[in-house]
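*Asks:* Mind looking over this structure? Questions follow.
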Amino acid sequence: MKPNYELFTDIPGTTIFTIELAHVGFELNQFCMSLRSAPNRDRFRADERAYLDEWKMTEEQKSAVLNRDFQRMLDTGGNVYFLSKIFACDGLSYVQAVSTMTDMDVPEYQAMMLAGGRNIDGWRSKKERGEK
Amino acid sequence: MARITAGISTSHVPAVGVAVDMGRTEEDYWKPMFAGYDFSKKWMAENTPDVAIIVYNDHASYFGMEIMPTFAMGLANSFEICDEGYGARPIPPVMGAPELATHVAGSLITDDFDLTILNVLEVDHGLTVPLSLMFGAPDKWPTRVIPLAVNVVMNPQPSGARCFALGKAIRRAVQQFDDDLDVQVWGTGGMSHQIQGARAGLINEPWDRKFMDDLINDPEVLQYKPHLEYMIEAGSEGVELIMWLIMRGALGADVDEVYRFYHVPASNTAVGHLILTPKGSE
């Protein structure tokens with residue numbers, strides 16, 4: 001059966017990590033995996049640019065990492081479980097890092113979660129929201 | 001003969017492991033969530049299985065992108081704990097059950113499930129947080145474990161129907177094992193959560209509660225729920241819930257509900273937890 005990845009493109013504010021996107025993000029995600037070891041984390045922290053240049057990543061991917069632009073990392077094939085190695089290296093929790101992809105700051109995001117999380121109403125479809 | 005005595009489902013939020021390891025379970029934020037597992041710890045102490053087949057997903061902790069198996073079973077004598085970027089959790093290694101695992105893996109492959117065999121595996125929070133929730137912080141885990149890793153990270157994930165069928169095949173395989181063993185199947189992950197993008201923080205309690213009802217009463221229909229619905233309604237990471245269908249498939253047609261718990265939030269996630277037993281087995 002032919003997969004239909006187009007199905008996922010109408011979900012607002014969401015990047016589905018498809019097999020195609022995984023291919024695009026391979027080097028970025030492999031770089032992330034390297035940060036599972038403490039010596040590599042130390043080397044990355046000491047000179048991020050030099051460490052990134054050891055990987056066959058695109059300039060856009062490297063610049064997204066340097067700027068901690070997690071949305072751009074998702075757009076260029078990163079997956080959040082891999083990207084978590086970057087924010088773990090920064091000493092950030094999932095909540096702290098994930099909230100940077102929303103329009104909220106960390107306290108606002110935490111308050112939303114404590115109040116029961118983001119309500120799905122209005123978040124099912126880009127078309128319904130008038131987004132492309 | 002070996003028998004399936006119960007199915008456990010539970011979320012496997014990494015921050016829960018941190019709370020246990022740092023002694024924060026009595027803090028205001030965590031206390032209500034951990035209180036929801038008090039019954040389960042007592043029940044588990046009286047119903048400790050010889051082996052738990054724990055269905056979980058690796059979170060880019062052991063598997064990189066070089067190899068991405070759809071279903072993979074750990075056959076080793078023991079499994080070390082992954083460093084997920086913060087240092088490894090200070091918990092005991094997980095002891096395997098190689099005799100049962102080789103039997104089950106061989107049976108599943110013979111039944112046309114193209115399983116990947118893992119003779120070396122380190123396990124991450126997906127497997128160890130459920131152990132902590134059910135057993136607390138012991139010096140050694142009171143049960144042996146067969147890890148069953150499912151790809152729920154990269155789409156296409158296996159279908160719900162395939163997961164449910166795998167659970168049924170696990171039940172047959174366990175029942176054909178000659179040793180006298182009590183075996184549980186645990187389905188982990190979920191419930192609704194999304195940890196990426198502008199929609200991060202999504203929680204859908206009505207959908208989650210309906211999923212638990214349907215898992216118990218109507219899994220033959222639930223198995224056909226498309227991934228798209230999980231992703232829209234339960235968030236991009238909510239698709240982990242297909243792993244609960246493997247647990248449910250292993251329990252047979254009808255089940256008794258021993259316990260149910262639901263709590264929001266743990267970090268970014270809705271926590272859901274069930275203890276089910278095959279009908280009439282109590």
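*Asks:* For segment B:214-267, enumerate the residues that are touching a Leu at 6+ places or on another chain (Cβ under 9 Å) and surrounded by fewer than 16 Cβ atoms within 10 Å (Cβ to Cβ).
*Replies:* Scanning segment B:214-267 gives B:Pro226, B:Asp256, B:Glu257, B:Tyr259.
*Asks:* Only residues that are within 19 Å of the chain's Cα centre (by Cα), surrounded by 14 or more Cβ atoms within 10 Å (Cβ to Cβ) and either part of a helix (DSSP H, G or I) or more than 10 Å from chain B (Cβ to nearest Cβ) (or both): list them for segment A:93-112, please.
*Replies:* Correct list: A:Tyr94, A:Val95, A:Gln96, A:Ala97, A:Val98, A:Ser99, A:Thr100, A:Met101, A:Val106, A:Tyr109, A:Gln110.
*Asks:* While we're looking at this one, here's another question. Report the residue count in segment B:222-275 for those that are more than 10 Å from every other protein chain (Cβ to nearest Cβ) and not basic (Lys, Arg). Please lay out each step first, then the result.
*Replies:* Keep residues of segment B:222-275 that are more than 10 Å from every other protein chain (Cβ to nearest Cβ), which gives B:222-225, B:229-230, B:238, B:240-263, B:271-275.
Add one more test, that the residue is not basic (Lys, Arg), and what stays is B:222-224, B:229-230, B:238, B:240-247, B:249-259, B:261-263, B:271-275.
The number of residues fulfilling the criteria is 33.
*Asks:* Within segment B:257-278, how many residues are closer than 20 Å to B:Ile53 by Cβ and of a type outside the set (Gly, Ala, Ser)?
*Replies:* Within segment B:257-278, residues that are closer than 20 Å to B:Ile53 by Cβ and of a type outside the set (Gly, Ala, Ser) number 8.
*Asks:* State whether the residues of segment A:54-73 include one that is out of contact with any Pro (no Cβ under 6 Å at 6 or more places or on another chain), buried (at least 20 other Cβ atoms within 10 Å of the Cβ) and not in a helix (DSSP H, G or I).
*Replies:* yes
*Asks:* Look at A:Ser63 and say whether it is more than 7 Å from every other protein chain (Cβ to nearest Cβ) and of a type in the set (S, T, N, Q).
*Replies:* For A:Ser63, the condition - more than 7 Å from every other protein chain (Cβ to nearest Cβ) and of a type in the set (S, T, N, Q) - is met.
*Asks:* Please find, within segment B:201-221, the residue that is farthest from the other protein chains (Cβ to nearest Cβ) out of those that are in contact with an Asp or Glu (Cβ under 8 Å, 6 or more places away or on another chain) and not in a loop (DSSP other than H, G, I, E, B).
*Replies:* B:Ile216
*Asks:* Only residues that are facing chain B (nearest Cβ under 7 Å) and farther than 15 Å from B:His59 by Cα: list them for segment A:1-25, please.
*Replies:* A:Pro3, A:Leu7, A:Phe8, A:Ile11, A:Pro12, A:Gly13, A:Thr14, A:Thr15, A:Ile16, A:Thr18, A:Ile19
*Asks:* Kindly indicate the residue of segment B:126-163 that is over 19 Å from B:Ala88 (Cα atoms) and of a type in the set (D, E, K, R) and also surrounded by the most Cβ atoms within 10 Å (Cβ to Cβ) among those meeting that condition.
*Replies:* Applying the filter and picking the extreme gives B:Arg144.
*Asks:* Related question: For segment B:99-200, which fully contained strands (runs of 3 or more DSSP E) count at least 2 residues that are on the phi > 0 side of the Ramachandran plot and touching a residue at least 12 places away in the same chain (Cβ under 8 Å)?
*Replies:* none
*Asks:* Right, next: Considering only residues that are part of a helix (DSSP H, G or I), facing chain B (nearest Cβ under 7 Å) and surrounded by 14 or more Cβ atoms within 10 Å (Cβ to Cβ), which ones fall in segment A:113-130?
*Replies:* Once the filter is applied, which keeps residues that are part of a helix (DSSP H, G or I), facing chain B (nearest Cβ under 7 Å) and surrounded by 14 or more Cβ atoms within 10 Å (Cβ to Cβ), segment A:113-130 yields only A:Met113.
*Asks:* Inside segment B:13-54, can you point out the residues that are in a loop (DSSP other than H, G, I, E, B) and under 18 Å from the mean Cα position of the chain (by Cα)?
*Replies:* B:Val13, B:Gly36, B:Tyr37, B:Asn47, B:Thr48, B:Pro49, B:Asp50
*Asks:* Contact list please: Cβ distance under 9 Å, first residue in segment B:45-56 and modelled with pLDDT of 95 or more, second residue among the basic types (Lys, Arg), pairs at least six apart or on different chains.
*Replies:* These pairs meet every condition: B:Pro49/B:Arg144; B:Asp50/B:Arg144; B:Val51/B:Arg144; B:Ala52/B:Arg144.
*Asks:* Follow-up question, since we're still on this one. I'm told A:Arg129 meets every condition in (1) free of Cβ contacts under 8 Å to residues at least 12 places away in the same chain; (2) over 16 Å from the mean Cα position of the chain (by Cα) except one. Can you identify the failing condition by its number?
*Replies:* Failing condition for A:Arg129: (1).
The values are calculated or read from the model by the stated rules, or taken from the named source; none is laboratory data. Small disclaimer: the values here were computed from a predicted structure and weren't measured. Cβ: placed from backbone, ideal geometry, glycine included. Neighbour counts: every protein chain shown.
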